[in-house]
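The next block holds one structure in the form of structure tokens; read it before the comments.
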Number of protein chains: 2
Amino acid sequence: MAAEHVARDADIAPVAALIADPTRAAILTALLGGRALAAGELARLAGVSAATASAHLSRLLDGGLVDVVRQGRHRYYRLAGHEVAEVLEVLARVGTRPPVRSLRQSRQARLLEEARTCYDHLAGRAGVGLLDQLRAGGHLDGEEVTPAGERLLARLGVDVTAARRARRRFAPECLDWTERRAHLGGALGAAVTGALLDLGWYVRGPVPRAVTLTDEGRGGLAALFSGKELTSHTPVT
Amino acid sequence: MAAEHVARDADIAPVAALIADPTRAAILTALLGGRALAAGELARLAGVSAATASAHLSRLLDGGLVDVVRQGRHRYYRLAGHEVAEVLEVLARVGTRPPVRSLRQSRQARLLEEARTCYDHLAGRAGVGLLDQLRAGGHLDGEEVTPAGERLLARLGVDVTAARRARRRFAPECLDWTERRAHLGGALGAAVTGALLDLGWYVRGPVPRAVTLTDEGRGGLAALFSGKELTSHTPVT
DNA sequence: GCCATGCTTCGACGGGGCCCGAAACGTCCG
DNA sequence: CGGACGTTTCGGGCCCCGTCGAAGCATGGC
């Protein structure tokens, strides 16, 4: 008896197989932010050679999980649609279930949930909170920096004009997978995060993507957002 | 303590790898009906030897995707929870549905499109229609059951309060991958579907996840939704 | 007790997929 | 036009994983 088989559902195995490889999973997770990333960046993020990443991207491509857009000598890849993102999120919800084994891992997990870099900008509770504060304070309106925002960012040492000229999107929202809310991405997000690290307000720790708020940073951010300016002129927009 | 990988993102790859094998995917899909099936039965359904199926089930087990309950010399496996069912459904939505080949398969496919169980609640045209009618009749408002809805469900024998206490979401929409519209899921969806089966209004058929509407069910549902209360002993609200 | 039945473990076999370095291809820039 | 850079293709090495038959444990019936 040949395996006579009953009613076909959509076969889920091939799709799952595409996600099953750790490197491809890393690539897809990196793309979860919604931004399109170049092949080289993805290779670096996933920790494999360009050749390997290229092979993976090729498979993801004709598996229909990612799209590609050619731009000059770069190829920017992004998730093929929101359904793909959904799959990844639902999968992540099941995958985290065997939660944490060692105390050490749980400490690291908490660190990452609190504050980490998402490629080159700040994510986690800290990242989401930062975006909230910028919006609430009227420093950021949609994707645009307000005059008040310009002043605030200048005090951080952020070169907003340079960020505006960058070839990537200026200030897109980047969806945070632990908080399920947006944090600040793009050129501006990277610039702000760079400034925060330069000022020593956040420092990188031993855990790969984790960053931690220093006492100096806590004070600095409080002063920055407190309305009370350290300097004289208070913006009265 | 070599290769102690540092706190990763929710690692979706291992879970995906469990689903990625065609045999395991077949097993999981078979379990999507919500019933617990014996290991031997699953082996036959998947078209592999008992030894092979056993190995797969073992991996699914400590991957946390299935539960097992021993009963005599049988071991009945079932999906570990509705989250797992969700993953499979979402995955199916992305997967390419291969075209139907044989007449027999097409008949079965039509059955499944008409009415089937989605893990433990009703899906297909019947499921979508049911949700529509509940909404249209003012029995369900968003995720909440209205007073009118309480009365209607009571007549079906559904214990709404029990469903409310369940640890899963009460009445979430579950996207139907054949209809591409929502049907009723969650604790309430399961309870209603259970009631419909208990009443004999729907019966399970030979095709794994398919259910069919009985004449009695047709009449019952018509009466239920017609505003006109059912025959004799029906206390008028 | 003893055998039948359901399921799991063991050992061995075969295939597919992941990885990289090197080289080819394309594009941008001086 | 030539050199630098990003990306893909090619070739080869390696390991993991799915598969089965046969033997080992359980359980239930008689």
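The values are calculated or read from the model by the stated rules, or taken from the named source; none is laboratory data. A quick note: this is a predicted structure, and the numbers were derived from the prediction, not measured. All Cβ positions, glycine included, derive from the backbone under ideal geometry; neighbour counts span all protein chains shown.
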Selection from region B:200-228 of residues that are surrounded by 14 or more Cβ atoms within 10 Å (Cβ to Cβ), in a loop (DSSP other than H, G, I, E, B) and without any contact (Cβ under 8 Å) to a residue 24 or more places away in the chain
B:Trp201, B:Thr214
Do you know which residues across region A:35-47 are crowded, with 19+ Cβ neighbours inside 10 Å and more than 9 Å from DNA strand D (Cβ to nearest atom)?
A:Arg35, A:Ala36, A:Ala46
Among the listed residues A:Arg44, A:Arg59, which satisfies the condition of being within 7 Å of DNA strand C (Cβ to nearest atom) and either in contact with a Ser or Thr (Cβ under 6 Å, 6 or more places away or on another chain) or in a helix (DSSP H, G or I) (or both)?
A:Arg59
Filter region A:119-144 down to residues that are in a strand (DSSP E or B), in contact with a Leu (Cβ under 7 Å, 6 or more places away or on another chain) and at pLDDT 85 or above and give me whichever is surrounded by the most Cβ atoms within 10 Å (Cβ to Cβ).
A:Leu122
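Can you name the residue in region A:68-79 that is more than 14 Å from chain B (Cβ to nearest Cβ) and away from DNA strand C (no atom under 11 Å from the Cβ) and, of all such residues, is surrounded by the most Cβ atoms within 10 Å (Cβ to Cβ)? Reasoning before the result, please.
Taking region A:68-79 and keeping what is more than 14 Å from chain B (Cβ to nearest Cβ), we get A:68-78.
Then drop every residue that is not away from DNA strand C (no atom under 11 Å from the Cβ), which leaves A:68-69, A:76-78.
Numbers: A:Val68: 16, A:Val69: 10, A:Tyr76: 17, A:Tyr77: 24, A:Arg78: 16.
Step by step, filter region A:68-79, then rank; the result is A:Tyr77.
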